[in-house]
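> First, the structure itself, so that you have it in front of you.
Where a number appears in this text, it was derived from the coordinates with a stated rule and is not lab data. Values in this document were obtained by computation on a predicted structure and should not be read as measured data. All Cβ positions, glycine included, derive from the backbone under ideal geometry; neighbour counts span all protein chains shown.
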Ligand SMILES: N[C@@H](CCC(=O)N[C@@H](CS)C(=O)NCC(=O)O)C(=O)O
C-alpha cells in the first residue's frame, strides 16, 4: 500500500534525554531512546537475556540498562557491554540487540522494519517551520483512520474562529494524507501520517506547514486535538463493530544460547576487518598523538572499557592500542600513541606518516582487560601511556557514579594525555608527577595500603612499575584475582630453545613444536586458525586451555595464580616443560 | 509519632510512604495481612476504619483514613516548604482537590484490574480496564498540553504537589492489571519526573529511574 517502508514511530518531543519511549510498528515493539550525544536508538524491545522489555529499562545517556538483570547495551551499536552475573568477564561482542533505522524529520522520529532507501521528502513541509500536533492513538486499524481523515475538517492557523474553512485533499499516498484548509486569505497545509501500530491499533501523527507562537500556538494545538479526538471516537466506534483482527505476531529471531552465556573469542588470526579513516590527529600531550578513527561506512563494533584494537600500519606492522572512549561514544574510536625513542617503527610510523584523512585497517575490538562494575571501590593506576585503557574504564565508572580513583603517574604536566577526558573525572583523578622509581614505589605502597574485600585495582604502565606494584599488592594482602594488569609489551627475553609435542584434543591432531618456533606458528602452519594480537605474550588474545602437561610460561598476561594452576597458556610465547601438552583446541 | 497501617503491595499505602520519605517524616509501620488474611476486615481494624480499607494512620491519637485525605494532612502538617499542599493558594488547592478525586478514580479502575489479576478479586475486569484507559487518556492529554507551556506536573505550579503523588502509584502499576501505558507517552515521561523527586522510594513493581542529564 505504501511506496516506502518508513513510518513515524514517535514525535521528536517524545524523546527527552534519559527517557525510554515505547514504540511499535506492525506489531513489532521498540525501545526508543536518545543518547546524550543526540543519537536516536530504535531497538527491538526485548533484552536478549530473558526477553524483558527494554522500554522499562534505564538510559544513562550512554548505555541502556535492562531493569531485571542489569545487562547493559551501548548507544548506537546496541552491543552488550556488561553482564552483572559475570562481572569479571567481557561479554562476547556478538551479543547485540536488533536495531532498526532511525531518522528524525518533520518533528517526528521515523523507522522501518526493513533496510530502506532514504526517507522521502514530503511536499509542502519544511523542517525549519512547522508545528507537530499531539499524536492521537486509536484502537482501530490504520486504513480505517486514513479513510476518516479524508473527511477531517479544520481551520487554518490564523483563522481558528473564522467561519468553517473549506478543506481539500492535496495528496494521499500510502499511509499519509495531506489536507489544505482555506478560509478567506488564510490557508494551512496539514499532513497526517498514520502509524500502523498493530492490526487494530494506530496513531495519527499530524504536522502543520507553519509554526506559531504563544497563545495562538496553544489554540491551534487544542483545535486539532479536539477535532482529532472526535474523529478518533467515530473511528473507534466503527472499528468496534468490525470483527477484530488478530494482533500481528512478529517473529523474534532467537539468540543462540551460547551468545547469552559466556564470552567467546570470535575473531581469528590477525584480521583487519574494519577500515577506518583518521578523522582527527592531534598532539594530546608531549610526544603523545591522539587519533580519532571513524568508520568508512556503517557502525563500528561495540567496545567495552579496557578493550584494544590491532592497527595495521602502512609499513606492514601490527600494533595494539587501547580504546580511550567513554561508554556510548561509538561513532569513533580514539587511541593515544606515544612516540617511542627506541621504536621499531610502529609509533614513529603513526606519528610521522599517518595523516588526517588517511585510511587504516583495524581489527574488531578485543577485551582482555575487562572491568568489573560491582567493586566497592576501584583503583586505577596508570604509568605514562598506560593511561589509555584506564581512562576508558575510569570514565565508565565515573559516569555510573561508582566509587573509583585514577592515579596517573607521569613525568610532568605536559605528559598528561587526553586532558579533556581527564577533566570529566573531577576529584577521582590524582596525578603524580616527576617521581623517581623509589618515590613511585613509596606512592604505590601508600595507594595500595588498605585492601578491603570487593575492591579491585587495574594497572597499566611500564613493566618495571607493574612488577613493583605486583609485589607491593601481594605484600599488602591483595589477592591476585583483585589486581589486574595490562602490559604494553613483554620485555622478558623469550627462551624458545625447547622442543615438545602438542596434542589438540578437539581437533585430534598431534604436532611437534621445534626450537625456534612458537605453538601459534606451528598451529597456523597446520591450518589451525587461532586468534592473536600482540604475539609477544602481553595482550591475552591467543590463550588456550591446557588439559595435560606442564606449561613453561613466558608471558606477562597471566597472573601468578593462573600460572601456578597450569590450566592456561599463551600460545604465542609460552612453551612446555613437559614433553607433551594437551590443549583444549 | 505516626503509625501507618500498611500493606506492602498496596499502591494507596505506598503513596503515603512515598510522601513521608520525600518529606523526611519518621513513621512506624503496622503490617496488615491484607491478602490472604483479610485483616483489614477484622474487628480491630474496622474500629479504626469502618469502610474496611487501607491505608489508615494514627498520628498521636489522630486517626485518619483514605490515602488522599492523609496526603492532605501530612503535607499541611509536615511540609515546611509549603509546596506539596500550598495552603494559601485557593486556585491551586481547588486544582489539587480535583486531581485527588481523579486519583480515587484511578484506584477504582486501574487498581481494581490489578487486584483482579494479582489477587484474584472477582470483578468486571474489562470494565475496570476500560475505565482506566478513559482516565489515562484524560491525564495524558492534560500532561501533554502542560508540557507545551513548560508545566511538568499535574497542577499549575513549577513544583510537584500531592496530586502527583496521589495519581502516581496505580498509573505506574497499571501493567499488573493488564493496562498498557504505551499509548500515553506524556504519562510515561511524567512518571520519570516523579521518580527523580529527591527522596523518591520504590515499591514492588515500580522501578527507579536513572539520573537526569546534567546541565
Ligand atoms: N479511597 C480509598 C480507597 C482505599 C482502598 O481502596 N484501599 C484498598 C487497599 S489499596 C482496600 O483496602 N481495599 C479493600 C476494600 O475496599 O474492601 C483511599 O484512597 O484510601
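> Write down the Kirkwood hydrodynamic radius of the stretch B:2-78, to one decimal in angstroms, obtained as one divided by the mean of 1/r over all alpha carbon pairs.
Working: mean 1/r = 0.0810 Å⁻¹.
Evaluated over the stretch B:2-78, this radius sits at 12.3 Å.
> Label point 7 Å out from residue A:475 along Cα-to-Cβ: which residues of the stretch A:386-430 have amide N under 20 Å?
Within reach of a label on residue A:475, which here means backbone N under 20 Å from a point 7 Å along Cα→Cβ, the stretch A:386-430 contributes A:409.
> Give me the mean projected area, in nm² to one decimal, of the convex hull enclosing the Cα positions of chain A.
Projected area, direction-averaged: 31.9 nm².
> Separate question: Based on the alpha-carbon gyration tensor of the stretch A:377-487 and its eigenvalue square roots a ≥ b ≥ c, which shape applies: rounded if a/c is under 1.5, prolate if not and a/b is larger than b/c, or oblate? Don't skip to the end; give the middle numbers.
On the way: a/c = 1.78, a/b = 1.12, b/c = 1.58.
Oblate, since a/c reaches 1.5 and b/c is not below a/b.
> Which whole-number percent of Cα pairs in the stretch A:264-362 have a distance greater than 20 Å?
Numbers: 1606 of 4851 pairs.
Looking at the stretch A:264-362, the distances longer than 20 Å represent 33 percent of pairs.
> Which FRET efficiency, nearest 0.05, do residue A:340 and residue A:118 yield, Cβ-Cβ r, R0 60 Å?
Details: r = 46 Å, r/R0 = 0.77.
Efficiency, rounded to the nearest 0.05: 0.85.
> With no solvent and one point per C-alpha, what does the Debye sum give as log10 I(q)/I(0) for the stretch A:457-520 at q = 0.15, 0.18, 0.25, 0.28 Å⁻¹?
Listed by q, the Debye log ratios stand at -0.71, -0.78, -0.95, -1.12.
> Across peptide A:18-26, what mean number of C-beta atoms from other chains lies inside 10 Å of a residue's C-beta?
Numbers: counts 7, 10, 4, 4, 7, 2, 3, 0, 0.
Average per residue, whole number: 4.
> At 222 nm, what value in deg cm²/dmol follows for chain A if DSSP H runs of at least 4 each add -39500 (n - 2.57) and the sum is divided by all its residues, to the nearest 500? Provide the component values of the computation, followed by the final result.
On the way: 8 runs with 91 residues, N = 585.
After summing the helix terms and dividing by the residues of chain A, the value is -5000 deg cm²/dmol.
> Any idea how far the Cα center of the stretch B:137-153 sits from the one of the stretch B:7-68, in Å?
31
> A further question follows. Any idea how far apart residue B:213 and residue A:509 come out in nm if each label point goes 7 Å out from Cα toward Cβ?
5.4
> Mean separation of Cα pairs under 8 Å and 6+ residues apart, divided by the residue count of chain B: what relative contact order is that in percent? Walk me through the numbers on the way to the answer.
Working: 310 pairs, mean separation 47.6, N = 215.
RCO, chain B: 22 percent.
> Can you sort B:85, A:333 so the residue with the fewest Cβ neighbours within 10 Å comes first?
On the way: B:85 22, A:333 27.
Placing the least packed residue first, the sequence is B:85, A:333.
> When you look at the Cβ of every residue in A:9-16, what mean number of other chain Cβ atoms sits within 10 Å? Mind dumping the intermediate values first?
Working: counts 0, 1, 2, 0, 6, 5, 2, 6.
Partner Cβ neighbours, averaged per residue: 3.
> Calculate how many DSSP beta bridges within the protein assembly as shown are antiparallel, expressed in % of all such bridges and rounded to the nearest 5.
Values: 103 of 134 bridges.
Here the antiparallel bridges make up roughly 75 percent for the protein assembly as shown.
> Then there is this: What number does the stretch A:1-85 give for Rg over Rh if you use C-alpha atoms and the Kirkwood radius? Spell out each step's value before the answer.
Numbers: Rg = 13.0 Å, Rh = 13.1 Å.
Rg/Rh for the stretch A:1-85 comes to 0.99.
> Moving to a separate point now. Once you have the Cα-Cα distance between residue A:89 and residue A:151, take 0.36 nm times their residue separation minus that, and quote the gain in nm to one decimal.
Details: separation 62, 0.36 × 62 = 22.32 nm, distance 5.99 nm.
Result for the pair: 16.3 nm of gain on full extension.
> Moving to a separate point now. Would you please give the FRET efficiency between residue A:129 and residue B:152, computed as 1/(1 + (r/R0)^6) with r the Cβ-Cβ distance and R0 = 25 Å, to the nearest 0.05? Could you put the intermediate results ahead of the total?
Values: r = 27 Å, r/R0 = 1.07.
With a Förster radius of 25 Å, E is 0.40.
> Next question. Provide the FRET efficiency to the nearest 0.05 for the residue A:361-residue B:83 pair, computing r from the beta carbons and using R0 = 56 Å. Working shown, then result.
Values: r = 60 Å, r/R0 = 1.07.
Step by step, r from the Cβ atoms, then E = 0.40.
> Kindly list the residues of the stretch A:89-122 that lie in the label zone of residue A:173, defined by a backbone N under 14 Å from the point 7 Å along the Cα-to-C-beta vector.
Taking a point 7 Å out along Cα→Cβ of residue A:173, the residues of the stretch A:89-122 whose backbone N falls under 14 Å are A:118-122.
> On to the next question. Can I get the semi-axes of the stretch A:500-583's equivalent ellipsoid? Compute them from the C-alpha gyration tensor as square roots of 5 times the eigenvalues, in angstrom, largest first.
Working: eigenvalues 62, 44, 26 Å².
Semi-axes from the Cα gyration tensor: 18, 15, 11 Å.
> OK, next. Note down the relative contact order for chain A as a percent, whole number, built from C-alpha pairs under 8 angstrom at least six residues apart.
Details: 1336 pairs, mean separation 58.2, N = 585.
Relative contact order here is 10 percent.
> For chain B, set up a GNM with springs between Cα atoms under 10 Å and report which of B:200, B:168, B:145 has the largest fluctuation.
B:145
> Run the numbers on the stretch A:377-487 and let me know its relative contact order in percent, using alpha-carbon pairs under 8 Å that are six or more apart. Could the numbers behind the result be given before it?
Details: 171 pairs, mean separation 35.0, N = 111.
Dividing the mean separation by the residue count of the stretch A:377-487 yields 32 percent.
> Could I ask something else about it? Rounded to the nearest 500 deg cm²/dmol, what is the calculated helix-only ellipticity per residue at 222 nm for chain B, with -39500 (n - 2.57) per DSSP H run of length n ≥ 4?
For chain B, the value works out to -15000 deg cm²/dmol.
> A further question follows. Could you work out, for the stretch A:122-249, what percent of all Cα-Cα pairs fall into each 5 Å distance bin, beginning at 0 Å and stopping at the bin that holds the largest distance?
Bin by bin from 0 Å, the calculated values are 2, 11, 21, 23, 19, 12, 7, 3, 1, 0.
> If you line up the Cα atoms of chain B on their principal axes, what length do they span on each, largest first, in Å?
51, 42, 32
> On full extension of the chain, what length is gained from residue A:517 through residue A:143, given 0.36 nm per residue of separation minus the C-alpha to C-alpha distance? Let's see the in-between values first.
Details: separation 374, 0.36 × 374 = 134.64 nm, distance 7.06 nm.
Gain on stretching residue A:517 to residue A:143: 127.6 nm.
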